[in-house]
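Here the structure comes first, spelled out in C-alpha cells, and everything after it is commentary.
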Amino acid sequence: MTFNPFSIVALPYAQDALAPVISAQTVAFHYGKHLQTYINNLNAALPGSGFEGKSLEDIVKEAEGGIFNNAGQVLNHTLYFTQFKPAGSPSAPSGALADAITRDFGSFEAFKEEFQKKGAGLFGSGWVWLSADAQGKLVITQETNAGNPVRRGLKPLLTFDVWEHAYYLDYQNRRPDHLAALWEIIDWDVVASRY
Ligand code: MN
C-alpha cells in the first residue's frame, strides 16, 4: 500500500489567471512540478520516520533534515499559492488587519516597502513572511531555504517566494520587479482570514 498522506492544494484560480504578474508557464512549473515534487518526496520519506500521522505544521515545527526541507516547502507553497487572486483588480487590506499594519508599520505603503526590501535583500533562496505573534503584533521575517515562521512560534499570514524558480522564467534576474508586481494579485481577504 502506498502511504500518501499529503496531496497538492487546489488552485483557487486558473493557471493563466495570474498573468502577467506570474505567467501560466511559471505556475505550471512552480505548482505542477516543484510543489508536486516536494509533496512526493515528503510522502516517500514519512514511513518509518516517526512523523506518520502528524499534521503538516507539526512536522515543520519538529523535523530536521530532508523531512523538514520537504515539509517546509509543502507548507510554504500551500500558503503561497492560496494567497493569490486573478490579476486585474488589485485590493488592499481592510478591517483588523489593515489597522494592525498601520499600527505596526506606519502605513500600508511603508509596510509594502519594508516587505519588498527584505525580499530583495535575502541572499540566496528563501522566503519573506508577514506573521503575527501571540499578541497579534505583526512582524516581517526572512527565512532561508524551506524556513517557515511557525518554527519561531509565529502565525504566517503572507509570503513571497524568492527562490529563483518563482520568477526566473518571467523576470530573469529582476527579483525586485517581480516582488513589486506581486501586490497586484494578493487576495487580502485570504490574508486577513489567517490573522
Ligand atoms: Mn517555490
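Which condition from (1) free of Cβ contacts under 8 Å to residues at least 40 places away in the same chain; (2) under 13 Å from Trp127 (Cβ atoms); (3) in contact with a Leu (Cβ under 8 Å, 6 or more places away or on another chain) is the one that Thr159 breaks?
Result: Thr159 fails condition (1) only.
Whether any residue in the range 109-123 is under 25 Å from Pro12 (Cα atoms) and within 16 Å of the ligand (Cβ to nearest atom) is what I want to check.
We begin by selecting, within the range 109-123, every residue under 25 Å from Pro12 (Cα atoms); these are 112, 115-116, 119.
If we keep only those that are within 16 Å of the ligand (Cβ to nearest atom) as well, we get 119.
Yes; the residues of the range 109-123 include at least one that is under 25 Å from Pro12 (Cα atoms) and within 16 Å of the ligand (Cβ to nearest atom).
For the range 1-31, give me the residue count where each residue is under 19 Å from Phe81 (Cα atoms) and free of Cβ contacts under 8 Å to residues at least 12 places away in the same chain.
Filtering the range 1-31 down to residues under 19 Å from Phe81 (Cα atoms) leaves 6-31.
Then drop every residue that is not free of Cβ contacts under 8 Å to residues at least 12 places away in the same chain, which leaves 10, 16, 24.
Qualifying residue count, the range 1-31: 3.
So Asn4 clears everything in (1) open to solvent by less than 70 Å² (accessible area, probe 1.4 Å); (2) at pLDDT below 95 except one condition, right? Which one?
(1) is the only condition that Asn4 fails.
Under the condition of being in contact with a Leu (Cβ under 6 Å, 6 or more places away or on another chain) and assigned to a helix (DSSP H, G or I), which residue from the range 17-53 is nearest to the ligand (Cβ to nearest atom)?
Here is the first cut: in the range 17-53, the ones in contact with a Leu (Cβ under 6 Å, 6 or more places away or on another chain) are 25-26, 52.
With the extra rule that they be assigned to a helix (DSSP H, G or I), the set shrinks to 25-26.
On the way: Gln25: 14, Thr26: 10 Å.
If we take residues in the range 17-53 being in contact with a Leu (Cβ under 6 Å, 6 or more places away or on another chain) and assigned to a helix (DSSP H, G or I), then Thr26 is nearest to the ligand (Cβ to nearest atom).
Of the residues that make up the range 160-179, is at least one under 13 Å from the mean Cα position of the chain (by Cα), more than 18 Å from Ala71 (Cα to Cα) and away from the ligand (no atom under 12 Å from the Cβ)?
Yes; the residues of the range 160-179 include at least one that is under 13 Å from the mean Cα position of the chain (by Cα), more than 18 Å from Ala71 (Cα to Cα) and away from the ligand (no atom under 12 Å from the Cβ).
Give Leu42, Leu56 a once-over and let me know the one that is over 18 Å from Tyr167 (Cβ atoms), more than 17 Å from the chain's Cα centre (by Cα) and not polar (S, T, N, Q). If you could, list the steps in order and put the result at the bottom.
Details: Leu56 fails: more than 17 Å from the chain's Cα centre (by Cα).
Testing whether each residue is over 18 Å from Tyr167 (Cβ atoms), more than 17 Å from the chain's Cα centre (by Cα) and not polar (S, T, N, Q) leaves just Leu42.
Can you pull out the residues in the range 136-150 that are out of contact with any helix residue (DSSP H, G or I) (no Cβ under 6 Å at 6 or more places or on another chain) and either over 21 Å from Ala92 (Cα atoms) or crowded, with 19+ Cβ neighbours inside 10 Å (or both)?
Within the range 136-150, Glu143, Thr144, Asn145, Gly147, Pro149 meet the criteria.
If you go through the range 35-53, how many residues are surrounded by fewer than 16 Cβ atoms within 10 Å (Cβ to Cβ), closer than 30 Å to Gln172 by Cβ and of a type outside the set (Val, Ile, Thr)? Show your work before the answer.
Within the range 35-53, the first condition is being surrounded by fewer than 16 Cβ atoms within 10 Å (Cβ to Cβ), and the residues that meet it are 36-37, 40, 44, 47-50, 52-53.
Going one step further and asking which of them are closer than 30 Å to Gln172 by Cβ, we end up with 36-37, 40.
Now drop any that are not of a type outside the set (Val, Ile, Thr), which leaves 36, 40.
Residues meeting the conditions: 2.
The values are calculated or read from the model by the stated rules, or taken from the named source; none is laboratory data. It should be emphasised that the depicted structure is a prediction, and the values quoted were computed from it without experimental measurement. Counting neighbours? That spans all protein chains shown, and the Cβs are built from the backbone with ideal geometry, glycine included. Note: accessible area is taken over every heavy atom of the protein model, side chains too, but ligands, DNA and RNA are not part of it. Shrake-Rupley method; radii C 1.70, N 1.55, O 1.52, S 1.80 Å.
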